[in-house]
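Read through the structure below, which is laid out as structure tokens, and then see the notes.
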Amino acid sequence: RFSILPLTTVAALTPAEHEVEICDENVEPIAFGTDADLIGISFMTALANRAYEVADAFRARGKTVVAGGFHPTLCPEEAAKHFDAIVVGDAEGAWPQVLRDAERGTLKPVYRNESLCDLAATPVPRRDLMARTARHYVTTNAVQTGRGCRHGCRFCAVTAFHRRTHRSRPLAKVLDELRGLGSRNF
């Protein structure tokens, strides 16, 4: 298992006044009895049916549930049947608005990030949230250097999600993050 970099990045986008917890069902059971106000589920197509089961179970308990990731981005109408809101595209730019709207009780069904995010503004992931489960991963120190792919392979979700673009993160940001790890294991 590799680091869950997207989730730790979304956690880093979450303002400090919100408590964040990450659960990866591959390494620990889901706490359906949680007192969390908002549940976020990120998933790819291979896990869509399970994600829908989890979302439905949380909604049956009165929880507000938001979806993001490859499958909700590529199949938002299907995913919307199981979630209170869908984030289409990169979380940067959309997630802070989702949180503000959830606090006000004005959550929209779809948050569409129309522009591709600037990776220079992407925060350093919240690796501290993986301390409890780190032993289950090859590394928790994955470092993002870029996103997407310019090739137009018709079968590829990466190409579709990132709209046939590749964006690089500024080298200085990558190097600063690597220095901050204090480890050669990344």
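The values are calculated or read from the model by the stated rules, or taken from the named source; none is laboratory data. Keep in mind that this is a model prediction, so the values were computed, not measured. Every residue, glycine as well, gets a Cβ built from its backbone with ideal geometry; the counts of neighbours run over all protein chains shown. Heads up: the accessible areas ignore ligands, DNA and RNA and are worked out on the full protein's heavy atoms, side chains in. Shrake-Rupley method; radii C 1.70, N 1.55, O 1.52, S 1.80 Å.
Taking every DSSP bridge with both residues inside region 56-186, close to 40 percent are antiparallel. Residue 71 sits with roughly 10 Å² accessible to a 1.4 Å probe, with DNA, RNA and ligands left out of the calculation. Restriction of the GluC sites (Glu not before Pro) in region 87-130 to DSSP coil positions whose beta-carbon has at most 12 other beta-carbons within 10 angstrom yields 114.
Note on residue 77 and residue 25: the model spin-label points, each 7 Å out from Cα along the C-beta direction, lie 2.5 nm apart.
Looking at region 40-128, which trypsin sites (Lys or Arg not before Pro) are DSSP coil and have at most 15 other C-beta atoms within 10 Å of their C-beta? Listed in order of number, the matching sites are 61, 81. Just the number please: accessible area per residue for region 104-186, 1.4 Å probe, all protein chains included, in Å². Counting only protein heavy atoms, the per-residue value for region 104-186 is 66 Å². Starting from region 92-168, pick out the chymotrypsin sites (Phe, Trp or Tyr not before Pro) whose DSSP state is loop and whose Cβ has at most 13 other Cβ atoms within 10 Å. For chymotrypsin sites (Phe, Trp or Tyr not before Pro) across region 92-168 that sit outside H, G, I, E and B with at most 13 neighbouring Cβ atoms in 10 Å, the list reads 155. Placing R0 at 25 angstrom, the Cβ-Cβ distance between residue 32 and residue 97 gives a FRET efficiency of 0.40 after rounding to 0.05. Listed by number, the DSSP H helices of the chain that run 24 Å or longer by alpha-carbon position along their axis and have mean Kyte hydropathy of at least -1.0 come to an empty list. For semi-axes √(5λ) of the Cα gyration tensor in Å, the choices are (i) 35, 24, 12; (ii) 25, 21, 17; (iii) 23, 20, 17; which was calculated from the structure? So the structure-derived entry is (ii). When a 1.4 Å probe is rolled over the protein heavy atoms, the share of accessible surface on region 1-154 that falls to carbon and sulfur comes to 52 percent. Between residue 108 and residue 5, the simple spin-label model (points 7 angstrom out along Cα→Cβ) gives 2.9 nm. Here the spin labels are modelled as points 7 Å beyond Cα on the Cα-Cβ line, and at residue 128 and residue 172 they lie 2.6 nm apart. Charge dipole (Cα centre; +1 on Lys/Arg Cβ, -1 on Asp/Glu Cβ; no other charges) of region 81-186 amounts to roughly 360 debye.
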